[in-house]
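The values are calculated or read from the model by the stated rules, or taken from the named source; none is laboratory data. Only a predicted model underlies this, so the values are computations on that prediction, with no experimental measurement involved. So basically every Cβ, Gly included, is an ideal-geometry build from the backbone, and we count neighbours across all protein chains shown.
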Amino acid sequence: MIISAQWDLMRRERGFALLGRLFTDQTACQNLLEDVGVSLADVPAFGPLAPADWWRQVCRLVANGRFEHVDLAGLLAAAADQFPAGGELRRLAGLLADADRPGAGSGRPLRILCLLAGPVGEPALRLGEELRRIMHAVDASGGRLELTVQPAARIADLLPLLRRARPDLLHFAGHGTALDGLVFEDAEGLPATLPVEALAGALGAFGRLECVLLSCCWSAGHSDVLAARSRLAIGTEAELGDRAAVEFSAGFYDALAAGSTPARAYTEAVAAVRLLGLPTDGLHRYPTEEVPA
């Protein structure tokens with residue numbers, strides 16, 4: 001049995017019939033599936049079934065996670081791109097994208113992927129304390145938050161972790177540079193820099209995130225690059241003190257645990273840091289206005 005908010009919505013909105021009406025030719029159907037990364041060898045034969053029934057079977061495979069990097073929302077969005085005037089497809093694609101968002105009726109937690117990197121030779125950071133405060137918030141969330149942690153994170157870890165965790169929120173804690181990007185570790189624990197454009201490309205293979213939080217210095221300048229891959233990007237415009245970074249993360253995840261949206265959690269975390277008398281001038285989010293829920 002398939003249990004999926006996207007699948008249920010697809011059935012209620014007669015999405016299979018819609019696809020069957022617009023994509024009736026075998027070549028058009030196959031081209032669409034190839035565009036989203038579906039292997040044609042893994043889908044049923046086209047001929048014996050009516051188009052709507054064939055699409056129902058294909059969508060069942062997608063909903064069950066048969067194909068990496070694609071869900072029903074992505075499939076419908078790609079279909080809509082081929083019919084720019086097809087408002088019905090675009091509307092349904094938007095509904096499906098929202099259906100699986102945490103807190104949007106899906107009944108699932110906000111999934112967090114936390115990457116920690118403290119390479120040899122770089123100034124020491126209190127990454128253990130930052131993680132301890134995050135874990136405390138997750139434990140207190142009553143199931144609202146789900147956490148996957150990767151210490152000593154390497155660039156090669158990124159894609160496997162994204163596949164496994166399917167995060168809504170990506171948290172990187174470590175060092176950053178204004179020009180080069182984020183500093184991961186290599187196999188020997190030495191610095192290995194990842195350009196933010198490459199990070200954005202990796203995130204793009206898994207859909208749009210709710211939030212990317214870069215808990216590292218000089219990361220605010222990368223926010224616009226990540227904005228296309230996330231509804232909210234958080235960084236710092238200069239150096240961020242160790243204590244301020246820890247307290248911001250603690251306040252941010254405490255707010256998420258209590259049910260706040262990432263945008264609201266940012267505001268609450270800034271307030272929490274200020275209450276301790278610590279500077280918050282360097283903290284930055286993009287977009288700067290409140291993000292609609």
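Return the total of residues in the stretch 1-50 being more than 28 Å from the chain's Cα centre (by Cα) and of a type in the set (Asp, Glu).
1
Could you count how many residues in the stretch 29-77 are part of a helix (DSSP H, G or I), closer than 16 Å to Phe16 by Cβ and not polar (S, T, N, Q)?
Total meeting the criteria: 19.
Does Arg66 count as at pLDDT below 85, among the charged types (D, E, K, R) and out of contact with any strand residue (DSSP E or B) (no Cβ under 9 Å at 6 or more places or on another chain)?
Working: at pLDDT below 85: yes; among the charged types (D, E, K, R): yes; out of contact with any strand residue (DSSP E or B) (no Cβ under 9 Å at 6 or more places or on another chain): yes.
Taking the combined requirement at face value, the residue satisfies it.
Just checking, how many residues over the stretch 61-103 are within 15 Å of the chain's Cα centre (by Cα), over 21 Å from Gln30 (Cβ atoms) and of a type outside the set (A, V, I, L, M, F, W, C)?
5
List the residue pairs whose Cβ atoms are under 6 Å apart, where the first residue sits in the stretch 231-247 and is of a type in the set (Gly, Ala, Ser), the second is part of a helix (DSSP H, G or I) and at pLDDT below 85, and the two are 6 or more positions apart or on different chains.
Ala233/Ser223; Ala233/Leu226; Ala233/Ala227; Gly235/Ala220; Gly235/Ser223
With the condition kept exactly as written, say whether any residue in the stretch 38-60 is closer than 17 Å to Gly207 by Cα and touching a Phe, Trp or Tyr at 6+ places or on another chain (Cβ under 9 Å).
So the first thing to find is which residues in the stretch 38-60 are closer than 17 Å to Gly207 by Cα, and the list is 38.
When the remaining residues are screened for being touching a Phe, Trp or Tyr at 6+ places or on another chain (Cβ under 9 Å), the result is 38.
Within the stretch 38-60 (the criterion being closer than 17 Å to Gly207 by Cα and touching a Phe, Trp or Tyr at 6+ places or on another chain (Cβ under 9 Å)), the answer is yes, since at least one residue qualifies.
Take the stretch 187-209 and flag every residue that is in a loop (DSSP other than H, G, I, E, B) and touching a residue at least 40 places away in the same chain (Cβ under 8 Å).
Within the stretch 187-209, the first condition is being in a loop (DSSP other than H, G, I, E, B), and the residues that meet it are 187-190, 195, 205-208.
Matches in the stretch 187-209: Glu188, Gly189, Leu190, Ala205, Phe206, Gly207, Arg208.
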